[in-house]
Amino acid sequence: KNEVEQSPQNLTAQEGEFITINCSYSVGISALHWLQQHPGGGIVSLFMLSSGKKKHGRLIATINIQEKHSSLHITASHPRDSAVYICAVWSRSQGNLIFGKGTKLSVKP
Amino acid sequence: DTAVSQTPKYLVTQMGNDKSIKCEQNLGHDTMYWYKQDSKKFLKIMFSYNNKELIINETVPNRFSPKSPDKAHLNLHINSLELGDSAVYFCASSPRLAGGDTGELFFGEGSRLTVL
């Protein structure tokens, strides 16, 4: 079992829909990152959080440390949101980032 | 100006060769990383450098060696390339390492290595 699990693996949505991507982890962490990998391959950091909730434009990230769970929400989704979204946690015991396998999102017009 | 730049973007080479990938960041960050993304798109840490000092050395073969001439550069040298080394290699940087409170991560565009 991976230390960082994301669901769903693949997600297809219609433009305008509200989207949720989930991340569960089994290790003690210092912080959790949400990353976006574009179809062209580049990786962009969306959020780093260690508690609570952060918002940036149409993106919202939440984390529940007790439940070892984080969610990434996209409101009013748009085809340009189509990408792979990757959850990564900083493991205190391993002293490095551990990545989930990513969620491939496709938003249809 | 590109924050984290790596070259080359594409590299095709024969088994047994030695190759290097260069990475530079102009953000003034203290920490730089190399990650490997395999054919299943799974990312894994290879190395990180904090102020030119190797902090993490994951169980990668010793054919891979990171070299940091200064804190803005972290190059990856690979000796005796094997078929299984084919992957996309990403360089990244962050303001600090600080026990996991790294701050935002900035990634390069990736270098796709194909070993024939």
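Quick look at the numbers
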| quantity | calculated |
| --- | --- |
| Criterion violated by B:Ser48 - all others in (1) within 25 Å of A:Gly28 (Cβ to Cβ); (2) part of a loop (DSSP other than H, G, I, E, B) satisfied | (2) |
| Residue among A:Lys104, A:Lys53, A:Lys68, A:Lys108 that alone is closer than 30 Å to B:Tyr49 by Cβ and either open to solvent by 50 Å² or more (accessible area, probe 1.4 Å) or within 14 Å of another protein chain (Cβ to nearest Cβ) (or both) | A:Lys68 |
| Within the range A:1-26, tally of residues that are more than 15 Å from the chain's Cα centre (by Cα) and open to solvent by 20 Å² or more (accessible area, probe 1.4 Å) | 8 |
| Residue in the range A:85-96 that is over 12 Å from the mean Cα position of the chain (by Cα) and without any contact (Cβ under 8 Å) to a residue 24 or more places away in the chain present | yes |
| Members of the range B:31-45 found to be part of a loop (DSSP other than H, G, I, E, B) and either in contact (Cβ under 8 Å) with a residue 24 or more places away in the chain or more than 11 Å from every other protein chain (Cβ to nearest Cβ) (or both), listed by number | B:Asp38, B:Ser39 |
| Residue that is most open to solvent (accessible area, probe 1.4 Å), among those in the range B:93-116 that are more than 8 Å from chain A (Cβ to nearest Cβ) and hydrophobic (A, V, I, L, M, F, W, C) | B:Leu116 |
| B:Pro69 assigned to a strand (DSSP E or B) and either open to solvent by 50 Å² or more (accessible area, probe 1.4 Å) or in contact with an Asp or Glu (Cβ under 8 Å, 6 or more places away or on another chain) (or both) | yes |
| Positions within the range A:13-41 being closer than 15 Å to A:Ser106 by Cβ, within 11 Å of another protein chain (Cβ to nearest Cβ) and assigned to a strand (DSSP E or B), in sequence order | A:Gln36, A:Gln37 |
| Residues being open to solvent by less than 40 Å² (accessible area, probe 1.4 Å), within 12 Å of the chain's Cα centre (by Cα), polar (S, T, N, Q) and more than 13 Å from B:Leu105 (Cβ to Cβ) - total across the range B:8-51 | 1 |
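The values are calculated or read from the model by the stated rules, or taken from the named source; none is laboratory data. As the structure is a prediction and not an experimental result, all values here were calculated from the model. Note that we place each Cβ from the backbone using ideal geometry, even for glycine, and neighbour counts take in every protein chain shown. SASA here: full protein model, heavy atoms, side chains in, ligands and nucleic acids out. Shrake-Rupley method; radii C 1.70, N 1.55, O 1.52, S 1.80 Å.
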